[in-house]
Amino acid sequence: MEAASVQAVPVLVAEPTPTTSAERQKFAKTRFVLNAGLAAGATYQWIIKPYRAGKFKKGASGRTFALVKAGLAGAFAYNRLKAAVNNAKGDPLLSKALVPLAAGIESLKGLGTKLRSGQAGDADISSFESVITGVKDAGKSAGATVTDRVPSLSQLGG
């Protein structure tokens, strides 16, 4: 009796995807809104507001602590803006809306250090504010309205 030969038949198994294309885009927008909102909240709460209140001026009460917080907020905001841009890549409309802002976001890279050392001036604060406004406007135009979400001090440092 001859042994029956068994041939291996390739089996194509479709791997399940956790989300559909539309859901991926929705999650991209949701994550974009969260990250951009955290960047906006940190910028307003720990950079713009204290700067306008004069907390960064020499001799101001609590200046050192305000500068340290601003430096941390600057680094945090830059990090969250980069994450928001990455999230936006999952949504074609949002991605297209953020293209003109890429250089502005990249220009914020060293401002955290500049803030912490007390070297930031009006132009630096204005650039943070204009980039945040641009990101919020781009999100709104793509159907992803960004609202400020103020991170805690522990979130800034960690």
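Working only within segment 108-133, note down all residues that are within 18 Å of residue 35 (Cα to Cα) and either without any contact (Cβ under 8 Å) to a residue 40 or more places away in the chain or not in a helix (DSSP H, G or I) (or both).
108, 109, 130, 133, listed by residue number.
Of the residues 100, 10, 16, which is at pLDDT below 90, in a helix (DSSP H, G or I) and open to solvent by 80 Å² or more (accessible area, probe 1.4 Å)?
Answer to the selection: 100.
Can you find even one residue in segment 86-95 that is open to solvent by less than 30 Å² (accessible area, probe 1.4 Å) and over 13 Å from the mean Cα position of the chain (by Cα)?
Within segment 86-95, one or more residues are open to solvent by less than 30 Å² (accessible area, probe 1.4 Å) and over 13 Å from the mean Cα position of the chain (by Cα).
How many residues does segment 54-69 hold that are of a type in the set (Ser, Thr, Tyr) and in a loop (DSSP other than H, G, I, E, B)?
So the answer is 1.
Is it true that some residue in segment 141-150 is assigned to a helix (DSSP H, G or I), open to solvent by 80 Å² or more (accessible area, probe 1.4 Å) and modelled with pLDDT of 90 or more?
Looking through segment 141-150, at least one residue is assigned to a helix (DSSP H, G or I), open to solvent by 80 Å² or more (accessible area, probe 1.4 Å) and modelled with pLDDT of 90 or more.
Please go through (1) open to solvent by less than 50 Å² (accessible area, probe 1.4 Å); (2) charged (D, E, K, R); (3) under 19 Å from residue 157 (Cα atoms) for residue 114 and return the number of the only condition it doesn't satisfy.
Unmet for residue 114, out of (1) open to solvent by less than 50 Å² (accessible area, probe 1.4 Å); (2) charged (D, E, K, R); (3) under 19 Å from residue 157 (Cα atoms): (1).
For segment 51-63, check the following and say yes or no: at least one residue is surrounded by 21 or more Cβ atoms within 10 Å (Cβ to Cβ) and at pLDDT 90 or above.
Scanning segment 51-63 turns up at least one residue that is surrounded by 21 or more Cβ atoms within 10 Å (Cβ to Cβ) and at pLDDT 90 or above.
The values are calculated or read from the model by the stated rules, or taken from the named source; none is laboratory data. Fair warning: this is a prediction, and the values are worked out from it, not measured in the lab. When we count neighbours, we look across all protein chains shown, and the Cβ atoms used for this are built from the backbone with ideal geometry, even at glycine. The accessibility values were calculated without ligands, DNA or RNA, using every heavy atom of the protein model including side chains. Shrake-Rupley method; radii C 1.70, N 1.55, O 1.52, S 1.80 Å.
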